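Scroll down for the structure; my scribbles are underneath it.
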Amino acid sequence: MSNRATNLLVPIVSVILGLLVGAVIMLASGYNPLEGYAALWNGIFGDMYTIGETIRQITPYLLAGLAVAFAFRSGLFNIGVEGQLIVGWFAAAYVGVAVELPKIIHLPLAIIAAAVAGALWGFVPGLLKAKFHVHEVIVTIMMNYIALHVTNALIRTVSDGGDRTESIFASASLRSEFLENLTEFSRLHLGIVIALLMVGVMWFILEKTTLGFELKAVGFNQNASQYAGMNVNKNIILAMVISGAFAGLGGAMEALGTFEYVSSKGGFTGIGFDGIAVALLGMNTPLGVIFGATLFGSLKYGALNMPNAAGIPIEIVEIVIAVIIFFVASGYIIRLLLLRASAKKKEAK
Amino acid sequence: ACGSEEDTSTGETGGGEGTEEAADFSVAMVTDVGGVDDKSFNQSAWEGVQQFGEENGLEKGDGGFDYLQSASDADYNTNLNNLIRRDFDVVFGIGYLMEGAVAEIAEQQPEAQIAIIDAVVEAPNVASVLFKEQEGAFLAGVAAALMTETKKIGFVGGMEIPVIERFEAGFLEGVAAVDETVEVDVQYTGAFDKAELGKTTANRMYSAGADIIFHAAGGTGNGVFTEAKERKEADPDANIWVIGVDADQYDEGQTGDANVTLTSVLKGVDKAVINISEQAMAGDFPGGETITYGLADDGVGLADSRGAIPEDVMTKIEDFKKQVIDGEITVPEKVE
Amino acid sequence: MEYVIEMLNIRKEFGTFVANDNITLQLQKGEIHALLGENGAGKSTLMNVLFGLYQPEGGEIRVRGKKVDIANPNVANDLGIGMVHQHFMLVENFSVTENIILGSEPTKYGITNKKDAAKKVQALSEQYGLNVDPYAIIEDISVGMQQRVEILKTLYRGAEILIFDEPTASLTPQEITELIQIMKRLIAEGKSIILITHKLKEIMDVSDRVTVIRKGQGIGTVITSETNPNDLASLMVGRQVEFTTVKGQAFPGEEVLDIKDLVVQDYRGIDKVKSLNLNVRKGEIVGIAGIDGNGQSELIEAITGLRKVKSGTIFVNGKDVTNMKPRKVTETGVGHIPQDRHKHGLVLDFPVGHNISLQTYYTKPISKSGIIDYNKINEKALQIIKDFDVRTQGPSELARSLSGGNQQKAIIGREVDRNPDLLIAALPTRGLDVGAIEFIHSRLIEQRDNGKAVLLISFELDEVMNVSDRIAVIHDGEIVDIVTPETTTEQELGLLMAGHTGHKDTQDLTKKGEDQHVE
Amino acid sequence: MSFLDVLYFIIPSAIFYAAPLILVAIGGVFSERSGVVNIGLEGLMVIGAFVGILFNLLFADTFGAATPWISLIAAMVAALLLSLLHAVASISFRADQVVSGVAINLLAVALSLYLVKRIFDKGQTDFITERFSRYNVPFLSDIPVIGPLFFTSVYNTSFFAIGVAFVAWFIIYKTPFGLRLRAVGEHPMAADTMGINVAKMRYVAVMISGALAGIGGAIYAQTITNDFGHATINGQGFMALAAMIFGKWHPLGAMGAALFFGFAQSLSIVGSSIPIIQEIPNVFLLILPYVLTIFALAGFIGRANAPLANGKPYIKGQR
Ligand SMILES: Nc1ncnc2c1ncn2[C@@H]1O[C@H](COP(=O)(O)OP(=O)(O)OP(=O)(O)O)[C@@H](O)[C@H]1O
Ligand SMILES: Nc1ncnc2c1ncn2[C@@H]1O[C@H](COP(=O)(O)OP(=O)(O)OP(=O)(O)O)[C@@H](O)[C@H]1O
Ligand SMILES: [Mg+2]
Ligand SMILES: [Mg+2]
């Protein structure tokens, strides 16, 4: 079996194993797994509406995954995607409600505001890492909490003591009548185009530009990069800024597409943390992120239909997701087993 | 939600005569991330839905009554949509967070009847339900001011959002109505799920001399109870009390043979849910209206103190209650 | 004769690559047995098999006549086999003692008894004249010292059979002499030694027999006294070779590097370079001779912009590059072969091709307005792989999987190919086989002959003497003397390096260099 | 509040807040010192909290006042078993350790909530009746200043956590086990050549981290929330991770960092009772602990070097 084939097979085998484990648990607790998975399937692909919503759910995961992956490729662990996404969400919504402009200006402006806000939130840990060697993991964790409280306070101010902003002007919205009509009024919005574009952007930066070359070099070996004349500090900051911008865009998807407003949050959205899983499921590559986000988004969204259609607790899907991640992570052992299996086959022939 | 659970139809849910008489009406609700057993408004709403279902011989599931839990804010939309597609006659969105989703779905599904709790959505097919939390909290303030020995009282809030601020405003007003000199120490912890902050905050307040704390902080309030119970255990004679919120939190206050729950400010989400369901079944769904429940219609109130508040104090509280109902006292929604 | 170790027909594969193909090596009791082969021939691999780090795919191992299965280093230890690894196996932030006792720690009431252990280490160190401070932290001590700690580790464990994988690569001449004494003493005590070295002179000096391997295959074993360096070299590479660097006369031109009153501090704020003056001219190779730790690292880092200069000036091509950014310095025409190839020279997880472009990835023709053309990177890599004889499966192989020698050739290729006006080569031949060394030396000389300036830093007097046109001796952060290879001897250099000044010409020569520099 | 009053409040509050974090962070220290990144601490805490509460509820009648302590053991075992999953993945299966940790976090929450629903048929458990309670240490609490600071209204679990920190320090820096542990995390191949079983050491270390995180979670639940639900543990595991890094992978450092977090939290709570501060918008107090932490890191702590081999699977024979 070729290397490529096994690489492709690992995630597939993992998904199958994950679903098997889920089935066993369902059986053990008295549910019918076939019914459960039928509900899951319908929850993902049931009709145009669910398909639209599934894609909508995938959209922010794509960007959160890109954010984590991009930082990872530069040797940085950005646990702060959550916070960067939250500030991006706020910034986009704020621009969306504060002014009314022609769409051609308003929408890009709101999107850029989100990216800038996220970038700023990534800049702080990047700067501290570069200048003071402060570990980015702690700073980003702290920045998450700061983002949560600060945006909540800002929402209060903006909404005159309320708990959410007005809905954004249509001129800043990512919603598209065409997509909505296509998908029986799902909230599928144009954000998916932006997200996929960003996948391309990340691929381009990493694989085609000198910047990407430097970021990867710094990610692997700072000493050698410095000896080769690269500005290590600049690259660290840049990596965090770009990563933060991706995350901020993830927030824009929520602000301008899914919700069209921002409301006070009692806790984290979870998208940022799930981004870690998405990125790593995809081996931190742009194409991998598409796979990770699709898997994650579909399962998470489809899960909603399990209590709905089969009366099975939603947590079962979370367990399945965890198990899949576990097996993808353990790809080495699966690859080994696959190789053995194919070797045996050859022998038999 | 109230301690007085009227389990009238135990054992009748699973068919039998109930089915024959079953009304041709169905009702469902979408919870926020807290779920139907959050010991708070989601739970209360679900209890209302269940009670309505039982009273009308409905079964859980399609054509009867049901709920869907949301895993994140993004799921409200989908869940509402799912229930409407399953042809429930009335669908409830529980909590202010669902405002946007309800507005959107109401527009997309003009045939559907949707009710939202704790927020106002202006659409012809949406009934909005609000509560005068401030009136319930007012009575709690009265009770606290009458019961305090140290003349110091605490208020622990979760996030600074309008609902919680109504609790705060009413509470402060109630205290002041009894005794202007009683100090109220107000602190917002910024979260509904940080019990350790609730505990530390309560610790500070009790240490500074407060003897009663009213919390409107969800899970953060758990910490307030823990702190109170520990103090009570350490010194059974200590005058330490907590006033619960949303549902009767008597159980939370139990420690050994003692109980630190003075009373709780009830929010009758269950009653509202039943009310609206009944109206809808009768063909009078109050679409486009905003219904506000206050002391007058028992939408808010105090839970049974189980003797913690003596008779004479109760009488005074009743007196204030009457004044509020009669409109002699208007409780503000916001702290001045 | 009794064999303590017999490795018979050993085969070791890495994936599809065969690193050891049917190699046989028999070690007699009490002998020093040299293992010779080009870089990447499979010497380390074979020894790692013996030490239990790798499991062979074929063949058998006998220890004192008994067939054994060395499943892991513990088994090797129990069999009395100790190994000094080519790449240090030291925990950088541990003390010397901690590194030595690791795995067989003496305890007292369950607590690691470091005091007693340190005493024992101290005693051993004194016994073999290793001069190691048991309490020093590894990352604070020089490479040479770290090597000695490796030796101490095996001695501490009382190994009977010692494997030395290129132990002399990073030692000073004095240390090498001492090491040879140590080895002889060990043999006298009945121990047996397998010695891997690329230095034919050492093999001739100390070994009893030599086993030669070539490209993973065993060529055979010869008795040292019955052979000579030339024959050994031919056996090793498989053809007749002539190993003497041909070096014509130098025609130095104008100054390329000019250093005046340079003071550089180390990370602790201690002056490591003290008022140093030095110049290098076009068309000459200046060798810096000195014992490890006398400020060589700081000097290089200061020139290349990697370390802040405290005072003094550095001019390259008449341009003041003092405290310039590394990239700016590089662009002024400076090439740098760093002494630590793993840490500073290569991004090990990058493909070979990327590493070859590590200095030029952002310039034309590889990059145009920020966009990289990876085809160009590959082309360049293929060219350098060919020109510099880098043994690799290709530009997309990870640098990590190359042998040390080939890693070094890739770096040198990268730097030389840029054709810098000043090439700084720090220990460029460390760990390389004779063929490779000659190759690199001739490349350095070629640079010189093309009118470039070369600054060579080396601990090896041979190298300094053979390659340099002028030799600057560094001691305690100062150039104590500048001599020419024709007029000096190894003895004199040794004395100067140890800090004995007094050579009258010194001042004159430095003066001369300064006078030539016109400002 | 007088200055001393403020101190009498802040110090005990900080210690109380820190106790679970200390244990979990030290668990992290063990794991990462051996070279296994463990961002699954959060999930391990969740399992600890869940099993601790469950056991407490089930056996309170049997064990009486000793229940919370015995529950710790149950929680420890449960989290240890879950951590084995992380160990198998990251040590034997060469998994990306961060991914495996993420899987642990997801799995722990999902599994425990699923079980809560199956067992209690609702979203959270009942309240426990046997809790860890605080008390005044006889005699010691009478000492002026020191008494009210450290020995009044204390929890045994706090002493336990601080004790564990010192024991961990002793084990990691004074025993052969600790030396090997650190060697394995810094340079596994060197350790291997010295005959140390790298995989075994790492398994043990990860299991210790699971055990300590489980205890930490159970202490948190049994001192603070007294029940278990989806919000019982949310983010404390990540705070512990931060404490571990803040403390430079040193057990006493981790303890100091956890205490610092506690200090910053208490400071923000006490702040609102100080008149001048009352004027500032609440949000500044809410973010104070996090901002303080960042300043502390940038200002005084600076570089923290992770164990060199941290996060890298050890593959025998790989260069
Ligand atoms: N772990 C490994 N995986 C893949 N290839 C390897 C591995 N170790 C060694 N090799 C390959 O095996 C060959 C022999 O390597 P080895 O290190 O034994 O060479 P050597 O003779 O010691 O060379 P040097 O003199 O440079 O130290 C080289 O081509 C090397 O690239
Ligand atoms: N990064 C470092 N950490 C700790 N100590 C260091 C470091 N760099 C240098 N030293 C100290 O400085 C001394 C000299 O080190 P180093 O080997 O770099 O010297 P050098 O003069 O540059 O010699 P050379 O370049 O010939 O190796 C060492 O013994 C060590 O104590
Ligand atoms: Mg070798
Ligand atoms: Mg050096």
Seminar exercise, completed: Output row, site A:HIS133, 7 Å Cα→C-beta label point, backbone N cut-off 19 Å, window the range A:201-218, residues A:218
Problem set entry | Positive dipole terminus of the protein assembly as shown, leading residue within C:ILE163, A:ILE333, B:ALA28 (C-beta point charges) | C:ILE163
Exercise. Shielding of B:155-164 by partners, i.e. mean partner chain Cβ atoms within 10 Å per residue?
Worked result: 4
Problem set entry | Virtual spin-label span in nm between D:LEU4 and D:ASN136, 7 Å along Cα→Cβ | 1.5 nm
For this session: Write down the percent of antiparallel bridges among all DSSP beta bridges whose residues are both part of the protein assembly as shown, to the nearest 5.
Result: 45 percent
Problem set entry | Calculated log₁₀ intensity ratio I(q)/I(0) where the Debye formula runs over C-alpha points of the range A:48-309, q = 0.11, 0.12, 0.15 Å⁻¹ | -0.56, -0.67, -1.01
Problem set entry | Length added when fully stretched, B:GLU318-B:VAL335, from 0.36 nm per residue minus Cα-Cα | 3.8 nm
Problem set entry | Positive-end residue, the range C:345-418 charge dipole about Cα centroid, Cβ charges, pick of C:THR363, C:SER403, C:PRO351 | C:THR363
Problem set entry | the range A:207-251 residues near the modelled C:LYS328 label - backbone nitrogen below 15 Å, point 7 Å along Cα→Cβ | A:229-231
Exercise. Ignoring ligands, DNA and RNA, what percent of the 1.4 Å accessible area of chain C is carbon and sulfur?
Worked result: 48 percent
For this session: Starting with the highest mean, order C:402-411, C:435-444, B:327-336 by the number of other Cβ atoms within 10 Å, averaged over the residues of each peptide.
Result: C:402-411, C:435-444, B:327-336
Problem set entry | Area buried, chain A against chain C - accessible surface, total, 1.4 angstrom probe, square angstrom | 2000 Å²
Problem set entry | Cα-centred dipole magnitude for the range A:48-309, charges only on beta-carbon of K, R (+1) and D, E (-1), debye, nearest 20 | 620 debye
Problem set entry | Area projected by the alpha carbon convex hull of the range C:345-418, averaged over all directions, nm² | 4.2 nm²
Exercise. In square angstrom, rounded to the nearest 10, how much accessible surface does B:TRP241 have for a 1.4 Å probe?
Worked result: 40 Å²
Exercise. On average, how many beta carbons from a partner chain sit within 10 Å of the beta carbon of a residue in B:197-205?
Worked result: 6
Exercise. Distance in nm between label sites at C:ASP261 and A:LEU8, each 7 Å beyond Cα in the beta-carbon direction?
Worked result: 7.0 nm
Exercise. What value, in deg cm²/dmol to 500, does the helix sum -39500 (n - 2.57) over DSSP H runs of n ≥ 4 give at 222 nm once divided by the residues of chain D?
Worked result: -22000 deg cm²/dmol
Exercise. Between B:VAL260, B:VAL178, B:VAL49, which gets the highest mean-square fluctuation from a Gaussian network model of chain B, Cα cutoff 10 Å?
Worked result: B:VAL178
Problem set entry | Largest to smallest accessible area among C:HIS344, C:HIS33 [probe 1.4 Å] | C:HIS344, C:HIS33
Problem set entry | Surface accessible to a 1.4 Å probe, per residue, for the residues of the range A:48-309, Å² | 29 Å²
Problem set entry | the range C:170-251 - convex hull of the alpha-carbon atoms, volume per residue in Å³ | 148 Å³
Exercise. Classify the range D:1-54: rounded, prolate or oblate, from the alpha-carbon gyration tensor (a ≥ b ≥ c, eigenvalue square roots; a/c under 1.5 rounded; otherwise prolate if a/b is larger than b/c)?
Worked result: oblate
Seminar exercise, completed: Rounded to the nearest 100 Å², the accessible area buried between B and A, both sides, probe 1.4 Å, is 2400 Å²
For this session: Using a 1.4 Å probe and counting only protein heavy atoms, arrange C:TYR109, A:TYR261 so the residue with the most accessible area comes first.
Result: C:TYR109, A:TYR261
Seminar exercise, completed: Ordering A:62-74, C:480-492, B:97-109, B:161-173 by per-residue average of other C-beta atoms within 10 angstrom, highest first, gives A:62-74, B:161-173, B:97-109, C:480-492
Problem set entry | Per-pair calculated FRET efficiency, R0 = 51 Å: A:PHE45 and C:ILE137 via Cβ, rounded to 0.05 | 0.25
Exercise. Which translational diffusion coefficient, to the nearest whole µm²/s, is obtained for the protein assembly as shown from the Stokes-Einstein equation, given a Kirkwood hydrodynamic radius over C-alpha pairs, 25 °C and 0.890 mPa s?
Worked result: 68 µm²/s
Exercise. Which Rg and Dmax, in Å, describe the Cα atoms of the range C:3-237?
Worked result: 17.6, 59
Problem set entry | Principal-axis tilt of helix C:143-156 within chain C, Cα atoms, nearest 10 degrees | 10 degrees
For this session: Can you bin the range D:192-311 into rounded, prolate or oblate? Criterion: square roots of the alpha carbon gyration tensor eigenvalues sorted a ≥ b ≥ c, rounded for a/c under 1.5, prolate for a/b above b/c, oblate for the rest.
Result: oblate
Problem set entry | Residues of the range A:216-236 buried by at least 20 Å² on assembly (accessible area, 1.4 Å probe, chain alone as reference) | A:LYS216, A:ALA217, A:PHE220, A:ASN221, A:ASN223, A:ALA224, A:GLN226, A:TYR227, A:ALA228, A:GLY229, A:MET230
Exercise. Can you give the percent of C-alpha pairs in the range D:63-214 whose distance is more than 20 Å?
Worked result: 66 percent
Seminar exercise, completed: So the D/B interface buries, both sides summed and with a 1.4 Å probe, an accessible area in Å² (nearest 100) of 2700 Å²
For this session: Express in % the proportion of alpha carbon pairs of chain C at distances exceeding 45 Å.
Result: 15 percent
Seminar exercise, completed: Here FRET efficiency (C-beta to C-beta, C:ILE111 to C:LYS184, R₀ 56 Å, nearest 0.05) is 0.90
Exercise. Let a ≥ b ≥ c be the square roots of the eigenvalues of the Cα gyration tensor of the range C:201-336; is it rounded (a/c under 1.5), or, if not, prolate (a/b larger than b/c) or oblate?
Worked result: prolate
Exercise. According to the Kirkwood expression over distinct Cα-Cα pairs, how big is the hydrodynamic radius of chain D, in Å?
Worked result: 20.2 Å
For this session: Give the peptides A:330-343, B:128-141 in descending order of average Cβ contacts within 10 Å, highest first.
Result: B:128-141, A:330-343
Problem set entry | Spacing of the two label points (7 Å from each Cα toward its C-beta) at D:TRP69 and A:LEU27, in nm | 4.4 nm
Exercise. Among D:ILE128, D:ILE53, D:ILE15, which one moves the most in a GNM of chain D with springs linking Cα atoms closer than 10 Å?
Worked result: D:ILE128
For this session: DSSP loop (so not H, G, I, E, B), at most 11 other Cβ within 10 Å: list which GluC sites (Glu not before Pro) in the range C:124-225 pass both filters.
Result: C:GLU189
Problem set entry | Backbone HN-Hα couplings from phi across the range B:255-269 [Karplus 6.51/-1.76/1.60, Hz, Gly and Pro as x] | 9, x, 8, 8, 9, 9, 7, 6, 6, 9, 7, 8, 10, x, 4
Seminar exercise, completed: Output field shielding_mean for D:192-202 (other chain Cβ, 10 Å radius) holds 5
Exercise. For C:GLU60 and C:GLU13, what is the calculated FRET efficiency with R₀ set at 22 Å and r taken between the beta-carbons, to the nearest 0.05?
Worked result: 0.85
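The values are calculated or read from the model by the stated rules, or taken from the named source; none is laboratory data. All values reported here derive from a predicted model rather than from experimental measurement. Cβ: placed from backbone, ideal geometry, glycine included. Neighbour counts: every protein chain shown. Accessible surface areas use protein heavy atoms only, side chains included; no ligands, DNA or RNA. Shrake-Rupley method; radii C 1.70, N 1.55, O 1.52, S 1.80 Å.
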